[in-house]
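FYI, it's all coordinate maths here, none of it is from the lab. Remember, predicted model here, so these are calculated numbers, not experimental data. Using ideal geometry, Cβ is built from the backbone for each residue, glycine included, and neighbour counts are taken over all protein chains shown.
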Amino acid sequence: MELSTIKDAFDCVAKKHQLSSSKTKEVIDQVGREIEQALAKMHSSQDPTSPAVWKTILKELNMKLTAMGLLNQLEGLQKDLDVGLSKYPKLLEKSFNPDTSKAYRNVDFDIHTFNQIIAGHFYELDLFDLGDCFINEAREPEGNSVRSPFLEMYQILEAMGAGNLQPALNWVTINREKLAKSDSSLELKFHRLQFMLSITRTYLAQFASLPMDEVQKLMGCLLWAGRLNCSPYAEFLSPTHREKLAEELSQKFCSLLGQSYESPLSVAIAAGVQGLPILLKLANLMPAKKKEWQTMKHLPVPVDLGREFQFHSIFVCPEATVAQCRQLYF
């Protein structure tokens, strides 16, 4: 079953819930108005304290509310909503296999590497307390080697947020040669940003070999001193400029560490979720070969994932229909 069918069913239930909610509010408001009118009649009567007057007004109120049939309206809407709510879980159970453990296979992997990936995921998200806790409980001896680079990165980003670009400038200067190999202009961008804080000509001399239009923009800023926000160079003061530069710094930082900007754990989970339906189908087709399923080194059919998960060229043998090198698979 396609996801569009499930989405349509969900939208239908959501609309029924919205209708029921709005109708319930309408009924409550209507009852409130009738009660307010009854109270107004009581206060405006010739004898506001007379029990007989109260009884008459309350009787009229009861008759009005009964004639409206408000309870029947709400019961009808609630019944319709309950039917939709009861059908939707059944549709989910029919569309998805609730027992994903069937796709489990005994795959060999390095616990040490796996622990570093998990810890690195926490550190990359600036969750240092959680990462430290995991390292301690996993008794990972090389946790500091994973922690230190990301700690440095977030110290630089924190300084940038406070308007201090010097740590970032120090980092790009130290890694100038490595950044140059990837044709990165990150150092120039940081100096351009620092220029807004009165950078000296000394720092710009090394960029003479780069396209002069970038340097010319910086020099042209001098003509707009004190009114840069209304100049052709107003983009340099954009609030998002520093945020984009911080994101680019994070990407290059991870790249020089030999890691993807996107957490390896996130990539692995995303790939697993995408391939899970195929794995479950294979597991259901091989119930009599459970032991073989648990121990097989290669899947009987390729699991096609999106191109974002293809990091190496894959050669598939036309005769055996299996990859010739296990390392070629993600």
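Some points to look at:
- Here V107 and K23 are evaluated by their C-beta separation; at R0 = 56 Å the FRET efficiency comes out at 0.55.
- Listed cross-link partners K23/K64; K16/K94; K41/K64; K181/K244; K25/K90; K15/K79 are compared with a 24 Å cut-off, the Cα-Cα value being larger for K25/K90.
- Length-normalised contact order for the stretch 3-98 - Cα pairs under 8 Å, 6+ apart - percent: 48
- Sum of side-chain charges, M68 neighbourhood, beta-carbon under 14 Å (Lys, Arg +1; Asp, Glu -1): -2
- When I117, I28, I135 are arranged by Cβ crowding within 10 Å, least crowded first, meaning fewest neighbours, the order is I28, I117, I135.
- Each residue in S260, S184 was given a count of other beta-carbon atoms within 10 angstrom of its own, and listing them fewest first yields S260, S184.
- Each principal axis of the Cα cloud of the stretch 1-62 was taken in turn, and the coordinate range along them, longest first, works out to 69, 15, 11 Å.
- Dividing the mean sequence gap of close Cα pairs (under 8 Å, 6+ apart) by how many residues the stretch 112-159 holds gives a relative contact order of 42 percent.
- In terms of other Cβ atoms within 10 Å, V267, V83 run from fewest to most in the order V83, V267.
- For the pair E158 and F10, a Förster radius of 45 Å applied to the C-beta separation gives a FRET efficiency near 0.65, rounded to the nearest 0.05.
- Local electrostatic count, F134, Cβ distance below 14 Å [Lys/Arg +1, Asp/Glu -1]: -4
- Counted by Cβ distance under 10 Å from E262, the other residues give a net charge of -2, where Lys and Arg count +1 and Asp and Glu count -1.
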